[in-house]
Amino acid sequence: MCRMSSPPLAAVALLSAAALGYEVLLMRLFSIILWHHFAYMIISVAMLGYGAAGAFVALMQRQLLPRFERVFVAAAAGFGVTAIGCFLLAQSVGFNPLEMLWDPGQPLRLLIVYALLSLPFFCAATCVCLTFSRFADAPHRIYSFDILGAGAGCLAILGALSVTSPAGALQWIGALGLVAAALAAQRLRVRPRWLPAALLGGAAVLAINSPSQWAALHPSGYKDLSQTLAIRDTRVVAERSSPMGWITVVESPLIPFRYAPGMSLNAIMEPPPQLGVFTDGDGPAALTRYDGKSEPLAYLDALTSALPYHLLERPRVLVLGAGAGGDVLQAIYHGAREIDAVEVNPQIVDLVQHRFADYSGMPYSATGVRVHIGEARHFVMAHADRFELIQMSLLDAFGASSAGLYAISESYLYTVEALREYLDHLEPGGLLAITRWVNLPPRDALKLFATAVAALEARGSERPALQLVLIRGWKTATLLVKNGEVTSAQIVALKEFCHSRSFDVAYYPGIDPAELNRFNVLERPEFHEGALALLGPQREAFIASYKFNIAPATDDHPYFFEFFKWRTLPELLALKAQGGLPLLEWAYPVLAATLVQAALASLLLILLPLWIGAGRVHKVVGWSRWRVTAYFAAIGFAFMFIEIAFIQKFILFLAHPLYAVAVVLCAFLVFAGLGSRYSSRLRAKLHGARLQPLGWVVVATGLFALSYLVFLPVVFRPLLPLPDAARIALSIGLIAPLAFTMGMPFPLGLASVAGGSRDLVAWAWGINACASVVAAILATLLAIHLGLNAVVVLAVALYVLAAVAYR
Amino acid sequence: MMWRRHFGVRLSLLSALFVAAALRPAIADNDFAAQRRDMVEEIAAVARSAAAESGKPAISAAVTAALARVPRHRFVPPDQEHAAYENRPLPIGFGQTISQPYIVALMTDLMRVEPNHVVLEVGTGSGYQAAVLAELAQSVCTIEIIEPLAVEAQRRLQQQGYTRVRTKTGDGYYGWEDCGPFDSIIVTAAASHVPPPLIRQLKPGGRMVIPVGTAFLTQHLLLVAKNTDGTIVTRQVLPVRFVPLTGGH
């Protein structure tokens, strides 16, 4: 073995690319095998692997450094093997989030999944961290290769997911690990000589082989698709995969789908034959057989969502979230004059229009129908057209749920600003109709009502009470918001609509309490009471005292689906024996539990090695270990806070969460990488200056970050109609200066620390990574409570703190 | 003589083992019986306290008596037997669950089953709910779409002597014309809407119960009541005594 004078940069870049690709891929894989709630856990898991590796290298470098070459190759190959192996093991652990509070064994299973998935990141990070330690005199070069590789990995995985299945992409990632090991073995001349060839052979086998049974995904048995496929004679008739989701079309000849959500109990018709369309195993949406005859579609008039068609005469309709075409068929059935349908996933439209053209009757090319590929809110913001009816029916945070990202489900569809946009796109007298599932006690419907009231007030409406209608069936509730006052003729029509279908009126202007609670009887007319309270002077008090969070969602707090309040938790837990647990909103407490788990893991992996290794971590001039901890923790939190807040902010501009993640992550990594390279020059330039280099960096970062909070919404608006490529380029351009400055504090600190001790370098690296473990989850939690802007402000404050710690 | 003593010791050990083996199910069953009593008592107590708060009648004695008779541990997969009498839902395979016992009691109570009633169940699952209903009704017809579940439930019900239960594999949407009309119906299979044929097969004065929610998480219950004049009224029932407003009623 010969001592190398330069680090294995290509292998480092490749490993970083593979690890970042793996991180994004895991989000997709978990959306498919479980649900999308685990995205934040994945980010934290990755960071944990990185942090653990930092601590491991710090403690063991006396043993590891003399064997650098072999350890590097083994760890790189280990990444390749564990990336696939640990995922397969994790999906066989049998973790079932639905049983989380019933079965005391489930948290343990979650912990096992957490530990297993951090292993591949541990392997990749061991390589990188060890390289930093081994070549402590060249941190800038290593860091920029590391970070440029990672940036490339985020974008490359999107490309990979466009051409292969998620299971296939998993094999490619495994192969990349082996290729990195082979490159390193070659570069570092690790014996035996045939090792690089053997590793490349292994990589080729993985990459070329189509995903086989052993690497198959096993979605939870409780997912809708799994339950459907347990029925005899059901079969998958088409499958599509893209970064937007895994689509499965299922035929069930023996027991037809008959999807008619909340159909009136007075209706006696049966829906026509349907195929079930599942996205990531969730659903189904119905692909309904349509032969141009309207009679079989009569069931679509027996849904609460049909109400607006009884108050408007042959309207021009905008259908948001058109999916497999159910709402378009409903509009056709009711004789809509013109229909614009917006669907985010082109593969679904393609299935409806081409693969199943004979079956579907091609509703998207029927007379008067235009289909647009795009995200709903984005489409509305980017177009100036006005409509008589905007229809959103049972549309969940489809971006988030189909892409599996940032799952405490930020949704820009149901915010005050979004509702204002929709109302701005209505003709005078036009209606916005939003249909949601009924839950008890009311949550969705009241939060939506509160959001609509706030939107109307924000548009300057003096009497929102005259512009709203809320009706409910046994399963769905429909809210109408009118651009104008509801007329008495419309009230007559809506009463007739509800009466003939046994739906209840919950609110309309001038509602008579005697009309309440007639058909679907509730113990108390809670929908009506809630609506009145939200229109009255005690609105704030009502929202505050309600046991679920029904405060309006905003673009700064885009968490419509979050109803959890901590103070309700003990009461619901106490009501477990009576079936109280299902009323808990799971995502939030699980997020908090994951934060605790991550914090404990970080303490264990950072503070423990810190104390154990304390004897060996000597003071560097000006740097006590507490100062190092404070500095690297502060910049770790700050970087992650800004990154996650900007991912969420750019969703609105880039129209899809997955693209926002890929583009924002990539831009941050690449430009932070460039900033990191530049930092040494800055250091040299400012040598002896009054304001230290970090001072300049923090001032610049603060200026960029804070001014973006003010200017981004203004800048975004006129640029929205631009094509995707232009918006992606603009996004990268906007992020570039901010990321460039944010890339500097880490290497500046590292270079300063490395002046005295190698041990401290790995240790600083570990602290920084573990701060990121916690920050990934904490950023989302803070955003839920304080809003995204507050998270950014907090990050700037942390940078200031870091500047204080730096000398 | 030594060998004899040894032989004798061995023989008695052996016979003790045989006796123990023979007694084991009996002991286990006794154990389960005790657990079942505890479960029923817990349900009755919870129902009484909820009733006291709400002023509504508690779960009827007939229903709790039925729960006390049905060996729930015989209706769960072997690896779940230990938890059979816990007041929680359990997995039964194929992405399906057996409901939390309190919810079973509440649903059964809402159906108001009389000894001369004919009852339909759509979604047999484990067969436990059918067994509970069979304790109360004249006959129970139950349909399951997942074949292996249907087969297993039928075997269990036969083995436990529930001869008044008729089972069928297939589509529950059209009900079971030959068995009906029904005094009450329970639809535990997920449905996007209430199948119109089931409403037709419900006798005037009959009641239908549909739990709404997902596996492990029953959100609320839908009670469909057919008046004697054939008109339909539904009620949405939250199983739990919970008011959403602080200081609410």
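The values are calculated or read from the model by the stated rules, or taken from the named source; none is laboratory data. Keep in mind that this is a model prediction, so the values were computed, not measured. Counting neighbours? That spans all protein chains shown, and the Cβs are built from the backbone with ideal geometry, glycine included.
In the range A:268-283, which residues are crowded, with 23+ Cβ neighbours inside 10 Å, in a strand (DSSP E or B) and modelled with pLDDT under 90? The one that is crowded, with 23+ Cβ neighbours inside 10 Å, in a strand (DSSP E or B) and modelled with pLDDT under 90: A:THR279. Got at least one residue in the range A:193-207 being more than 14 Å from every other protein chain (Cβ to nearest Cβ) and either outside any helix (DSSP H, G or I) or touching a strand residue (DSSP E or B) at 6+ places or on another chain (Cβ under 7 Å) (or both)? Yes, that holds for at least one residue. Within the range B:90-99, none of the residues are surrounded by fewer than 24 Cβ atoms within 10 Å (Cβ to Cβ) and more than 13 Å from every other protein chain (Cβ to nearest Cβ). A:LEU265 meets the conditions (1) in a helix (DSSP H, G or I); (2) over 17 Å from A:GLY430 (Cβ atoms) in every case but one. The failed one is (1).
Among the residues of the range A:455-513, none is identified as in a strand (DSSP E or B) and over 25 Å from A:TRP437 (Cβ atoms).
The single condition among (1) without any contact (Cβ under 8 Å) to a residue 24 or more places away in the chain; (2) within 14 Å of chain B (Cβ to nearest Cβ) that A:PRO537 does not satisfy is (2). Test B:VAL243 against the criterion of being surrounded by fewer than 21 Cβ atoms within 10 Å (Cβ to Cβ), within 13 Å of chain A (Cβ to nearest Cβ), on the phi < 0 side of the Ramachandran plot and free of Cβ contacts under 8 Å to residues at least 12 places away in the same chain, and give yes or no. Answer is yes for this residue.
Identify the residue in the range B:155-204 that is of a type in the set (D, E, K, R), part of a strand (DSSP E or B) and farther than 30 Å from A:GLY283 by Cβ and, among all such residues, is nearest to the other protein chains (Cβ to nearest Cβ). Within the range B:155-204, the match that is nearest to the other protein chains (Cβ to nearest Cβ) is B:LYS203.
Cβ-Cβ contacts under 8 Å between residues 6 or more apart (or on different chains), taken from a first residue in the range A:519-530 that is assigned by TED's automatic domain parsing to the domain that holds A:GLY473 and farther than 11 Å from A:PRO442 by Cα to a second residue that is among the polar types (S, T, N, Q) and assigned to a loop (DSSP other than H, G, I, E, B), are listed as A:PHE519/A:SER502; A:ASN520/A:SER502.
If the condition is being more than 16 Å from B:LEU106 (Cα to Cα) and out of contact with any Asp or Glu (no Cβ under 6 Å at 6 or more places or on another chain), then the range B:204-215 contributes B:PRO204, B:GLY205, B:THR214, B:ALA215.
Summed over the range A:700-725, the residues that are assigned to a helix (DSSP H, G or I) and more than 23 Å from the chain's Cα centre (by Cα) give a count of 13. When the criteria are applied in full, A:TYR708 fails the requirement of being touching a strand residue (DSSP E or B) at 6+ places or on another chain (Cβ under 9 Å) and at pLDDT 90 or above. State whether the residues of the range A:415-425 include one that is out of contact with any His (no Cβ under 7 Å at 6 or more places or on another chain) and within 14 Å of chain B (Cβ to nearest Cβ). Among the residues of the range A:415-425, not one is out of contact with any His (no Cβ under 7 Å at 6 or more places or on another chain) and within 14 Å of chain B (Cβ to nearest Cβ), which makes the answer no. Checking each residue in the range B:205-239 for being part of a loop (DSSP other than H, G, I, E, B), facing chain A (nearest Cβ under 7 Å) and over 20 Å from A:GLU529 (Cα atoms) picks out B:ALA215, B:PHE216, B:PRO239. Restricting the first member to the range A:166-187 and to residues that are within 21 Å of A:ARG70 (Cα to Cα), and the second to residues that are of a type in the set (Val, Ile, Thr), the beta-carbon pairs closer than 6 Å and six or more apart or on different chains are A:GLY174/A:ILE84; A:ALA181/A:VAL73; A:ALA184/A:VAL73; A:ALA185/A:VAL73. Screening B:GLU53, B:GLU42 for residues that are of a type in the set (Asp, Glu), surrounded by 14 or more Cβ atoms within 10 Å (Cβ to Cβ) and either modelled with pLDDT of 90 or more or outside any loop (DSSP other than H, G, I, E, B) (or both) leaves exactly one candidate, B:GLU42.
Restricting A:TYR290, A:TYR222 to residues that are within 20 Å of A:ASP350 (Cβ to Cβ), in contact (Cβ under 8 Å) with a residue 60 or more places away in the chain and hydroxyl-bearing (Ser, Thr, Tyr) narrows the list to A:TYR290. Among the numbered conditions (1) in contact (Cβ under 8 Å) with a residue 24 or more places away in the chain; (2) not assigned by TED's automatic domain parsing to the domain that holds A:THR367, the only one that A:PRO253 does not meet is (1). The one condition from (1) closer than 18 Å to A:ARG28 by Cβ; (2) at pLDDT 90 or above; (3) part of a helix (DSSP H, G or I) that A:ARG240 does not meet is (3).
Summed over the range A:354-366, residues that are part of a helix (DSSP H, G or I), more than 20 Å from A:SER162 (Cα to Cα) and not aromatic (Phe, Trp, Tyr) total 5. Considering only residues that are of a type outside the set (Lys, Arg), closer than 24 Å to B:LEU238 by Cβ and touching a residue at least 40 places away in the same chain (Cβ under 8 Å), which ones fall in the range A:499-518? Once the filter is applied, which keeps residues that are of a type outside the set (Lys, Arg), closer than 24 Å to B:LEU238 by Cβ and touching a residue at least 40 places away in the same chain (Cβ under 8 Å), the range A:499-518 yields A:SER502, A:PHE503, A:ALA506, A:TYR507. The residue pairs whose first member lies in the range B:102-123 and is modelled with pLDDT of 95 or more, whose second member is of a type in the set (Phe, Trp, Tyr) and part of a loop (DSSP other than H, G, I, E, B), and whose beta carbons are closer than 7 Å, counting only pairs six or more residues apart or on different chains, are B:LEU120/B:TRP176.
Picking from residues in the range A:288-318 that are within 37 Å of the chain's Cα centre (by Cα) and charged (D, E, K, R), the one that is surrounded by the most Cβ atoms within 10 Å (Cβ to Cβ) is A:ASP301.
When A:ILE112 is tested against (1) farther than 22 Å from A:TRP763 by Cβ; (2) in contact with a helix residue (DSSP H, G or I) (Cβ under 6 Å, 6 or more places away or on another chain); (3) in a helix (DSSP H, G or I), just one condition goes unmet, and that condition is (2).
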